[in-house]
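The values are calculated or read from the model by the stated rules, or taken from the named source; none is laboratory data. Since this is a predicted model, take the numbers as computed values, not measurements. Backbone-built Cβ (ideal geometry, glycine too); neighbour counts: all protein chains shown. Keep in mind that these areas ignore ligands, DNA and RNA; they rest on the heavy atoms of the full protein, side chains included. Shrake-Rupley method; radii C 1.70, N 1.55, O 1.52, S 1.80 Å.
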Amino acid sequence: MAFETIIVDVEDHVALVKLNRPDALNALNAQLIGELCTALEEADANDKVRCIVLTGSEKAFAAGADIKEMSEKSFVEVYTEDLFGTIGDRISAVRKPIIAAVGGYALGGGCELAMMCDFIIASDTAKFGQPEINLGVIAGIGGTQRLTRFVGKSKSMDMNLTGRFMNAEEAERSGLVSRVVPAKKLIEEATAAAQKIAEKSQLSAMAAKEAVNRSYELTLNEGLLFERRVFHSMFATEDQKEGMAAFLEKREAQFRDK
Ligand code: CAA
């Protein structure tokens, strides 16, 4: 499908999905959200794709939900259309790993979008924030929920109540991002990480993603049982036989997703 607000490029088993509304710092309007979800679903269904990198521009990953588009809406309208009610579910339903490569501003819905991905690699210029309080509202796509799970109550309250931005160093220290890289190397490093994932068995990658995500929903004992049963089930795959044989024979494994 042809998109106007995003650019998709598939190379070496990695889909690079780039938000492309430069005039609005990639603010998330209805068109961009629809196109982004469709692009991610298409990448998920594309046999050539084994991992996805989601990025924005050097200045902004995304500066939040589109304020111009929503400013005049009434409660009845946002409630009836369930504004932002499906983006989280559609992105969470993508089974292939998604890495957010964040440069510049990731604010409001932009920070929330990055947090919907499986992990975040940030450039040293990245700035994260939930500044919705400055607009007389609160976060609406996970900024009070996912951020709290990432960075804990105190820092999440600080971000959501003061609206201040967190730089990349603080974001890494707080557990929001997995690594910080120089801005010029952001796409290179994120793509390299995606290619590393693409080399693994797709079955293991999907199962690992599913099991980690379950940890947010289950008690520790239920989560440990889920993990163990999935681990057991992997012994039904050829890739388990190949992976372990390759280790014992001191050679590279050749995974076939079977
Ligand atoms: N929505 C719509 N347009 C936006 C936007 C947004 N979230 N963020 C930036 N833009 C637009 C600006 O209006 C401006 O457009 P014009 O040139 O047509 O005026 C253009 O992008 C460039 O922005 P600035 O001139 O403001 O650039 P700057 O470098 O001076 O500042 C910034 C950058 C600090 C990111 C500033 O743009 C900003 O504060 N943006 C808003 C951030 C924000 O409040 N995000 C939360 C949105 S609400 C939300 O996301 C709700 C939710 O959780 C669901």
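Could you tell me which numbered condition residue 211 fails, if it satisfies all but one of (1) open to solvent by 50 Å² or more (accessible area, probe 1.4 Å); (2) aliphatic (A, V, I, L, M); (3) more than 30 Å from residue 134 (Cβ to Cβ)? Among (1) open to solvent by 50 Å² or more (accessible area, probe 1.4 Å); (2) aliphatic (A, V, I, L, M); (3) more than 30 Å from residue 134 (Cβ to Cβ), the lone unmet condition for residue 211 is (1).
Note on the range 134-157: residues that are in a loop (DSSP other than H, G, I, E, B), in contact (Cβ under 8 Å) with a residue 12 or more places away in the chain and within 15 Å of the ligand (Cβ to nearest atom) amount to 7. Cβ separations smaller than 9 Å between residues 6+ apart or across chains give the following pairs from the range 181-193 residues that are closer than 15 Å to residue 15 by Cβ to residues that are polar (S, T, N, Q) and at pLDDT 95 or above: 187/55; 190/55; 193/178.
Taking the criterion of being farther than 26 Å from residue 68 by Cα and open to solvent by less than 60 Å² (accessible area, probe 1.4 Å), the only residue of the range 128-149 that qualifies is 148.
Helices (runs of 4 or more DSSP H) fully within the range 64-127 that include at least 2 residues being without any contact (Cβ under 8 Å) to a residue 40 or more places away in the chain, in the same structural domain as residue 28 (by the TED database) and open to solvent by less than 50 Å² (accessible area, probe 1.4 Å): 109-116. Taken as a whole, the structure leaves residue 213 outside the set of residues that are within 16 Å of the ligand (Cβ to nearest atom) and not acidic (Asp, Glu). In the range 214-228, is there at least one residue being open to solvent by 60 Å² or more (accessible area, probe 1.4 Å), of a type in the set (A, V, I, L, M) and within 22 Å of the chain's Cα centre (by Cα)? Within the range 214-228, none of the residues are open to solvent by 60 Å² or more (accessible area, probe 1.4 Å), of a type in the set (A, V, I, L, M) and within 22 Å of the chain's Cα centre (by Cα).
Counting only helices (runs of 4 or more DSSP H) that sit wholly inside the range 158-242, those with at least 3 residues that are closer than 25 Å to residue 257 by Cβ are 186-198, 202-214, 220-233.
Being within 13 Å of the ligand (Cβ to nearest atom) and not aliphatic (A, V, I, L, M) is the filter here, so list the residues in the range 104-125 that pass it. Listed by number, the residues that qualify are 104, 105, 108, 109, 110, 111, 112, 125.
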